[in-house]
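Undergrad: Provided herewith is a single structure, encoded as C-alpha coordinates, for subsequent inquiry.
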Amino acid sequence: MTPAPGPQQKIGLIGLGLMGRPMGLNLLKAGYPLTVWNRTASRAEALVAAGAKLAKSPREVAASADVLLTIVSDPPALEEILWSKDGALSGLQRGSIYIDSSTVSPALARKIAAACAERGARFLDAPVTGGTWGAEKGELVFMVGGDAESLKEIEPILGAMGKRWFHLGPNGAGQIIKLAMNMILALEVDALAEALALATGAGVQGEKLVEVMQSSMARAPVLDVKAPLLLKGEYAPSFPLRLMHKDLGLALDLANQIGVPLPATAAARETYSAVKGAAREDLDYAAVMKFWKK
Ligand SMILES: NC(=O)c1ccc[n+]([C@@H]2O[C@H](COP(=O)([O-])OP(=O)(O)OC[C@H]3O[C@@H](n4cnc5c(N)ncnc54)[C@H](OP(=O)(O)O)[C@@H]3O)[C@@H](O)[C@H]2O)c1
(Lines give C-alpha, C1' and ligand atoms only; values in the text may rest on other atoms or scores of the structure.)
Protein backbone atom coordinates (compact mmCIF):
# COMPACT_ATOMS: atom_id res chain seq x y z
CA MET A 1 0.00 0.00 0.00
CA THR A 2 1.34 3.44 -0.91
CA PRO A 3 0.06 6.27 1.27
CA ALA A 4 -2.26 8.70 -0.51
CA PRO A 5 -0.51 12.01 -1.26
CA GLY A 6 -1.31 15.32 0.46
CA PRO A 7 -3.39 16.06 3.52
CA GLN A 8 -5.43 12.86 3.00
CA GLN A 9 -2.54 10.93 4.53
CA LYS A 10 -3.52 9.90 8.04
CA ILE A 11 -0.82 10.80 10.51
CA GLY A 12 -0.17 9.19 13.88
CA LEU A 13 1.87 11.14 16.42
CA ILE A 14 3.40 9.68 19.58
CA GLY A 15 5.10 11.99 22.12
CA LEU A 16 3.41 15.24 23.06
CA GLY A 17 6.16 16.99 25.00
CA LEU A 18 7.60 20.47 24.40
CA MET A 19 8.23 19.58 20.75
CA GLY A 20 5.49 17.09 19.88
CA ARG A 21 2.57 19.30 20.88
CA PRO A 22 3.38 22.26 18.61
CA MET A 23 4.38 19.90 15.78
CA GLY A 24 0.99 18.20 16.09
CA LEU A 25 -0.83 21.54 16.08
CA ASN A 26 0.93 22.48 12.84
CA LEU A 27 -0.08 19.17 11.24
CA LEU A 28 -3.71 19.84 12.18
CA LYS A 29 -3.44 23.41 10.83
CA ALA A 30 -2.21 22.00 7.52
CA GLY A 31 -5.32 19.79 7.38
CA TYR A 32 -3.88 16.36 8.16
CA PRO A 33 -6.13 13.90 10.02
CA LEU A 34 -4.18 13.23 13.22
CA THR A 35 -4.31 10.49 15.87
CA VAL A 36 -2.15 10.98 18.95
CA TRP A 37 -0.92 9.15 22.03
CA ASN A 38 1.13 10.33 24.99
CA ARG A 39 2.18 8.46 28.14
CA THR A 40 0.66 11.27 30.22
CA ALA A 41 -2.73 11.52 28.52
CA SER A 42 -3.53 15.00 29.89
CA ARG A 43 -0.81 16.46 27.63
CA ALA A 44 -3.00 15.56 24.65
CA GLU A 45 -5.79 17.97 25.64
CA ALA A 46 -4.76 20.93 23.45
CA LEU A 47 -4.42 18.68 20.41
CA VAL A 48 -7.71 16.90 21.01
CA ALA A 49 -9.40 20.31 21.39
CA ALA A 50 -7.87 21.27 18.02
CA GLY A 51 -9.29 18.16 16.33
CA ALA A 52 -6.89 15.26 16.98
CA LYS A 53 -8.17 11.82 17.93
CA LEU A 54 -6.75 10.33 21.13
CA ALA A 55 -5.69 6.67 20.83
CA LYS A 56 -5.51 4.19 23.69
CA SER A 57 -2.03 2.86 22.88
CA PRO A 58 0.98 3.41 20.60
CA ARG A 59 -0.18 0.30 18.72
CA GLU A 60 -3.55 1.93 17.99
CA VAL A 61 -1.81 5.09 16.69
CA ALA A 62 0.40 3.09 14.34
CA ALA A 63 -2.55 1.00 13.12
CA SER A 64 -4.44 4.19 12.22
CA ALA A 65 -1.57 5.83 10.33
CA ASP A 66 -0.29 6.06 6.77
CA VAL A 67 2.58 8.00 8.27
CA LEU A 68 3.69 7.49 11.87
CA LEU A 69 5.71 10.21 13.63
CA THR A 70 7.37 9.85 17.03
CA ILE A 71 9.21 12.40 19.17
CA VAL A 72 10.02 11.20 22.69
CA SER A 73 12.84 11.99 25.10
CA ASP A 74 15.53 9.37 24.70
CA PRO A 75 16.42 5.83 23.56
CA PRO A 76 14.67 4.02 26.49
CA ALA A 77 11.47 6.05 25.88
CA LEU A 78 11.56 5.23 22.17
CA GLU A 79 12.20 1.53 22.80
CA GLU A 80 9.30 1.51 25.24
CA ILE A 81 6.76 3.01 22.84
CA LEU A 82 7.92 0.74 20.01
CA TRP A 83 8.54 -2.65 21.62
CA SER A 84 6.48 -2.77 24.82
CA LYS A 85 3.10 -4.53 24.98
CA ASP A 86 0.77 -2.64 22.62
CA GLY A 87 3.85 -0.91 21.22
CA ALA A 88 3.73 0.96 17.93
CA LEU A 89 5.71 -1.58 15.88
CA SER A 90 3.05 -4.23 16.44
CA GLY A 91 0.46 -1.95 14.81
CA LEU A 92 2.53 -0.55 11.94
CA GLN A 93 0.77 -0.89 8.57
CA ARG A 94 2.52 -2.51 5.59
CA GLY A 95 3.51 0.22 3.13
CA SER A 96 3.38 2.95 5.75
CA ILE A 97 6.25 5.31 6.47
CA TYR A 98 7.55 5.79 9.98
CA ILE A 99 9.47 9.00 10.83
CA ASP A 100 11.27 9.30 14.17
CA SER A 101 12.22 12.84 15.22
CA SER A 102 13.54 11.98 18.71
CA THR A 103 17.27 12.39 19.22
CA VAL A 104 18.61 8.87 19.80
CA SER A 105 21.66 6.82 18.80
CA PRO A 106 22.31 6.00 15.14
CA ALA A 107 22.47 2.33 16.20
CA LEU A 108 18.89 2.49 17.50
CA ALA A 109 17.77 4.21 14.29
CA ARG A 110 19.25 1.32 12.26
CA LYS A 111 17.64 -1.27 14.55
CA ILE A 112 14.25 0.40 14.04
CA ALA A 113 14.80 0.54 10.27
CA ALA A 114 15.39 -3.24 10.25
CA ALA A 115 12.29 -3.87 12.39
CA CYS A 116 10.20 -1.71 10.02
CA ALA A 117 11.55 -3.53 6.95
CA GLU A 118 10.48 -6.85 8.51
CA ARG A 119 6.94 -5.44 8.70
CA GLY A 120 6.95 -4.05 5.16
CA ALA A 121 7.17 -0.44 6.36
CA ARG A 122 9.79 2.20 5.60
CA PHE A 123 11.71 4.18 8.20
CA LEU A 124 13.34 7.60 8.24
CA ASP A 125 15.37 8.96 11.13
CA ALA A 126 14.57 12.67 11.09
CA PRO A 127 15.72 14.43 14.26
CA VAL A 128 15.13 18.15 14.36
CA THR A 129 16.81 21.41 15.23
CA GLY A 130 15.16 24.78 15.80
CA GLY A 131 13.94 24.45 19.37
CA THR A 132 10.46 24.92 20.74
CA TRP A 133 10.08 28.26 18.95
CA GLY A 134 10.94 26.55 15.63
CA ALA A 135 8.36 23.86 16.44
CA GLU A 136 5.73 26.50 17.23
CA LYS A 137 6.38 28.58 14.11
CA GLY A 138 6.63 25.55 11.82
CA GLU A 139 10.27 26.38 11.13
CA LEU A 140 12.06 23.23 12.21
CA VAL A 141 15.00 21.83 10.29
CA PHE A 142 14.97 18.03 9.79
CA MET A 143 18.15 15.95 9.46
CA VAL A 144 17.07 12.88 7.54
CA GLY A 145 18.58 9.41 7.20
CA GLY A 146 16.92 6.75 5.02
CA ASP A 147 15.94 6.32 1.40
CA ALA A 148 15.43 9.40 -0.77
CA GLU A 149 12.16 8.16 -2.28
CA SER A 150 10.46 7.80 1.09
CA LEU A 151 11.66 11.26 2.00
CA LYS A 152 10.15 12.64 -1.22
CA GLU A 153 6.77 11.15 -0.28
CA ILE A 154 6.67 12.81 3.12
CA GLU A 155 8.12 16.21 2.17
CA PRO A 156 4.70 17.95 2.39
CA ILE A 157 4.37 16.63 5.95
CA LEU A 158 7.81 17.92 6.91
CA GLY A 159 6.84 21.20 5.24
CA ALA A 160 3.86 21.55 7.59
CA MET A 161 6.24 21.46 10.58
CA GLY A 162 9.50 22.79 9.21
CA LYS A 163 11.24 25.06 6.77
CA ARG A 164 14.12 22.86 5.58
CA TRP A 165 15.21 19.25 5.50
CA PHE A 166 18.49 17.66 4.55
CA HIS A 167 18.89 14.16 3.18
CA LEU A 168 22.15 13.08 4.80
CA GLY A 169 22.55 9.40 3.88
CA PRO A 170 21.19 6.00 4.92
CA ASN A 171 19.38 5.31 8.21
CA GLY A 172 21.40 6.62 11.14
CA ALA A 173 22.93 9.53 9.18
CA GLY A 174 20.28 11.95 10.45
CA GLN A 175 21.11 11.04 14.05
CA ILE A 176 24.88 11.29 13.46
CA ILE A 177 24.56 14.87 12.19
CA LYS A 178 22.08 15.76 14.94
CA LEU A 179 24.51 14.58 17.65
CA ALA A 180 27.36 16.51 16.01
CA MET A 181 25.13 19.61 15.82
CA ASN A 182 24.17 19.41 19.48
CA MET A 183 27.82 19.05 20.50
CA ILE A 184 28.43 22.42 18.86
CA LEU A 185 25.45 24.06 20.61
CA ALA A 186 26.40 22.59 23.99
CA LEU A 187 30.00 23.76 23.64
CA GLU A 188 28.97 27.24 22.46
CA VAL A 189 26.71 27.85 25.46
CA ASP A 190 29.25 26.27 27.83
CA ALA A 191 31.96 28.54 26.36
CA LEU A 192 29.80 31.63 26.89
CA ALA A 193 29.08 30.63 30.50
CA GLU A 194 32.78 30.04 31.14
CA ALA A 195 33.77 33.37 29.56
CA LEU A 196 31.10 35.17 31.63
CA ALA A 197 32.49 33.53 34.77
CA LEU A 198 35.96 34.84 33.90
CA ALA A 199 34.84 38.36 33.00
CA THR A 200 32.54 38.85 35.97
CA GLY A 201 34.98 37.13 38.36
CA ALA A 202 37.63 39.62 37.25
CA GLY A 203 35.30 42.54 37.92
CA VAL A 204 33.67 43.46 34.56
CA GLN A 205 29.89 43.22 34.06
CA GLY A 206 28.73 40.27 31.97
CA GLU A 207 26.64 42.63 29.81
CA LYS A 208 29.87 44.22 28.59
CA LEU A 209 31.19 40.89 27.35
CA VAL A 210 27.93 40.13 25.56
CA GLU A 211 27.88 43.61 23.98
CA VAL A 212 31.36 43.14 22.53
CA MET A 213 30.64 39.54 21.53
CA GLN A 214 27.65 40.74 19.50
CA SER A 215 30.05 42.80 17.34
CA SER A 216 32.63 40.06 16.96
CA MET A 217 33.25 36.77 15.20
CA ALA A 218 32.15 35.01 18.41
CA ARG A 219 28.56 36.04 17.77
CA ALA A 220 26.22 33.09 17.11
CA PRO A 221 22.43 32.82 16.84
CA VAL A 222 22.28 30.38 19.76
CA LEU A 223 24.14 32.88 21.92
CA ASP A 224 21.74 35.67 20.83
CA VAL A 225 18.97 33.57 22.36
CA LYS A 226 20.81 32.22 25.41
CA ALA A 227 23.02 35.19 26.46
CA PRO A 228 20.10 37.20 27.95
CA LEU A 229 19.03 34.11 29.92
CA LEU A 230 22.54 33.57 31.28
CA LEU A 231 22.77 37.25 32.29
CA LYS A 232 19.37 37.17 34.04
CA GLY A 233 19.79 33.69 35.51
CA GLU A 234 16.45 32.60 33.99
CA TYR A 235 16.42 28.96 33.01
CA ALA A 236 12.82 27.88 32.24
CA PRO A 237 13.25 24.81 30.04
CA SER A 238 13.01 25.30 26.27
CA PHE A 239 15.64 22.70 25.43
CA PRO A 240 15.96 20.97 28.79
CA LEU A 241 19.45 20.45 30.19
CA ARG A 242 18.57 16.78 30.89
CA LEU A 243 18.12 16.29 27.11
CA MET A 244 21.34 18.13 26.17
CA HIS A 245 23.14 15.99 28.74
CA LYS A 246 21.61 12.89 27.10
CA ASP A 247 22.76 14.07 23.65
CA LEU A 248 26.34 14.66 24.83
CA GLY A 249 26.30 11.13 26.26
CA LEU A 250 25.05 9.74 22.93
CA ALA A 251 27.79 11.65 21.05
CA LEU A 252 30.47 10.35 23.43
CA ASP A 253 29.13 6.77 23.12
CA LEU A 254 29.29 7.00 19.34
CA ALA A 255 32.81 8.49 19.49
CA ASN A 256 33.85 5.65 21.77
CA GLN A 257 32.47 3.05 19.36
CA ILE A 258 34.37 4.47 16.39
CA GLY A 259 37.52 5.54 18.27
CA VAL A 260 37.31 9.32 17.79
CA PRO A 261 38.48 11.35 20.81
CA LEU A 262 36.16 14.23 21.81
CA PRO A 263 38.09 15.96 24.62
CA ALA A 264 36.14 19.25 24.60
CA THR A 265 32.79 17.43 24.58
CA ALA A 266 33.89 15.15 27.41
CA ALA A 267 34.90 18.16 29.51
CA ALA A 268 31.66 20.02 28.73
CA ARG A 269 29.64 16.97 29.69
CA GLU A 270 31.25 16.99 33.14
CA THR A 271 30.05 20.58 33.59
CA TYR A 272 26.51 19.77 32.40
CA SER A 273 26.54 16.65 34.64
CA ALA A 274 27.43 18.69 37.72
CA VAL A 275 24.54 21.13 37.11
CA LYS A 276 22.11 18.32 36.30
CA GLY A 277 23.10 16.48 39.49
CA ALA A 278 22.50 19.55 41.65
CA ALA A 279 19.25 20.67 39.96
CA ARG A 280 15.97 20.25 41.82
CA GLU A 281 13.80 21.33 38.91
CA ASP A 282 13.69 20.95 35.12
CA LEU A 283 16.08 23.59 33.70
CA ASP A 284 17.10 24.77 30.25
CA TYR A 285 20.65 23.89 29.20
CA ALA A 286 21.50 27.61 29.55
CA ALA A 287 21.61 26.70 33.27
CA VAL A 288 25.12 25.35 32.67
CA MET A 289 25.97 28.88 33.98
CA LYS A 290 24.99 27.61 37.45
CA PHE A 291 28.26 25.66 37.51
CA TRP A 292 29.97 28.99 38.30
CA LYS A 293 27.17 30.37 40.52
CA LYS A 294 27.12 27.84 43.33
N1 LIG B 1 13.06 20.84 23.26
C2 LIG B 1 13.84 21.12 22.25
O3 LIG B 1 14.19 22.30 22.04
C4 LIG B 1 14.33 20.04 21.30
C5 LIG B 1 14.96 20.45 20.12
C6 LIG B 1 15.41 19.50 19.22
C7 LIG B 1 15.27 18.15 19.52
N8 LIG B 1 14.68 17.77 20.69
C9 LIG B 1 14.55 16.32 20.94
O10 LIG B 1 13.18 15.96 20.75
C11 LIG B 1 12.81 14.92 21.68
C12 LIG B 1 11.62 15.41 22.53
O13 LIG B 1 12.02 16.58 23.23
P14 LIG B 1 10.99 17.46 24.08
O15 LIG B 1 11.68 18.74 24.35
O16 LIG B 1 9.64 17.42 23.46
O17 LIG B 1 10.99 16.60 25.44
P18 LIG B 1 9.90 16.54 26.61
O19 LIG B 1 9.12 17.81 26.67
O20 LIG B 1 10.63 16.07 27.81
O21 LIG B 1 8.89 15.39 26.10
C22 LIG B 1 9.32 14.07 26.11
C23 LIG B 1 8.23 13.18 25.58
O24 LIG B 1 8.68 11.81 25.69
C25 LIG B 1 7.69 11.08 26.44
N26 LIG B 1 8.32 10.01 27.20
C27 LIG B 1 9.40 10.08 28.02
N28 LIG B 1 9.67 8.88 28.55
C29 LIG B 1 8.73 8.02 28.06
C30 LIG B 1 8.49 6.63 28.22
N31 LIG B 1 9.27 5.86 28.99
N32 LIG B 1 7.44 6.09 27.56
C33 LIG B 1 6.64 6.84 26.77
N34 LIG B 1 6.82 8.17 26.57
C35 LIG B 1 7.87 8.73 27.20
C36 LIG B 1 7.06 12.13 27.34
O37 LIG B 1 5.84 11.65 27.84
P38 LIG B 1 5.20 12.31 29.19
O39 LIG B 1 4.48 13.56 28.70
O40 LIG B 1 4.31 11.28 29.71
O41 LIG B 1 6.35 12.64 30.11
C42 LIG B 1 6.91 13.27 26.36
O43 LIG B 1 5.84 13.05 25.47
C44 LIG B 1 14.08 14.60 22.49
O45 LIG B 1 14.74 13.51 21.92
C46 LIG B 1 14.91 15.87 22.35
O47 LIG B 1 16.28 15.61 22.51
C48 LIG B 1 14.18 18.69 21.57
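Undergrad: Looking only at residues in segment 245-288 that are among the small types (Gly, Ala, Ser) and touching a residue at least 60 places away in the same chain (Cβ under 8 Å), which one is nearest to residue 182 (Cα to Cα)?
TA: Filtering segment 245-288 for residues that are among the small types (Gly, Ala, Ser) and touching a residue at least 60 places away in the same chain (Cβ under 8 Å), the one nearest to residue 182 (Cα to Cα) comes out as 251.
Undergrad: Separate question: Scan segment 208-227 and tell me whether some residue there is within 16 Å of the ligand (Cβ to nearest atom) and loosely packed, with under 14 Cβ neighbours inside 10 Å.
TA: The answer is yes; a qualifying residue exists.
Undergrad: While we're on this one: Within segment 58-73, does at least one residue satisfy the condition of being within 13 Å of the ligand (Cβ to nearest atom) and acidic (Asp, Glu)?
TA: No, that holds for no residue.
Undergrad: Which of the following residues is small (Gly, Ala, Ser), within 15 Å of the ligand (Cβ to nearest atom) and in contact with a Lys or Arg (Cβ under 9 Å, 6 or more places away or on another chain): 146, 130?
TA: Result: 130 is the single residue among 146, 130 that is small (Gly, Ala, Ser), within 15 Å of the ligand (Cβ to nearest atom) and in contact with a Lys or Arg (Cβ under 9 Å, 6 or more places away or on another chain).
Undergrad: Which residue, of 191, 148, 186, is in contact (Cβ under 8 Å) with a residue 60 or more places away in the chain and either crowded, with 21+ Cβ neighbours inside 10 Å or small (Gly, Ala, Ser) (or both)?
TA: When all the criteria are applied, what remains is 186.
Undergrad: Also: Collect the residues in segment 154-183 that are open to solvent by 60 Å² or more (accessible area, probe 1.4 Å) and of a type outside the set (Val, Ile, Thr), keeping them in residue-number order.
TA: 156, 163, 164, 165, 166, 167, 168, 170, 181
Undergrad: Of all residues in segment 35-55, which are more than 12 Å from the ligand (Cβ to nearest atom) and in contact (Cβ under 8 Å) with a residue 24 or more places away in the chain?
TA: Within segment 35-55, 35, 46, 50, 52, 55 meet the criteria.
Undergrad: Filtering segment 74-92 down to residues that are open to solvent by less than 60 Å² (accessible area, probe 1.4 Å) and touching a Leu at 6+ places or on another chain (Cβ under 8 Å), which residue is farthest from the ligand (Cβ to nearest atom)?
TA: Looking at residues that are open to solvent by less than 60 Å² (accessible area, probe 1.4 Å) and touching a Leu at 6+ places or on another chain (Cβ under 8 Å), I get 92.
Table: residues versus (1) outside any helix (DSSP H, G or I); (2) within 15 Å of the ligand (Cβ to nearest atom).
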residue	(1), (2)
237	yes, yes
245	no, yes
256	no, no
271	no, no
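Undergrad: Take the residues in segment 10-27 that are near the ligand (Cβ under 8 Å from one of its atoms) and closer than 16 Å to residue 159 by Cα; name whichever of them is most open to solvent (accessible area, probe 1.4 Å).
TA: 19
The values are calculated or read from the model by the stated rules, or taken from the named source; none is laboratory data. All values derive from a computational prediction rather than experimental measurement. Ideal geometry is used to build each Cβ from the backbone, glycine not excepted, and the neighbour counts take in all protein chains shown. The accessibility values were calculated without ligands, DNA or RNA, using every heavy atom of the protein model including side chains. Shrake-Rupley method; radii C 1.70, N 1.55, O 1.52, S 1.80 Å.
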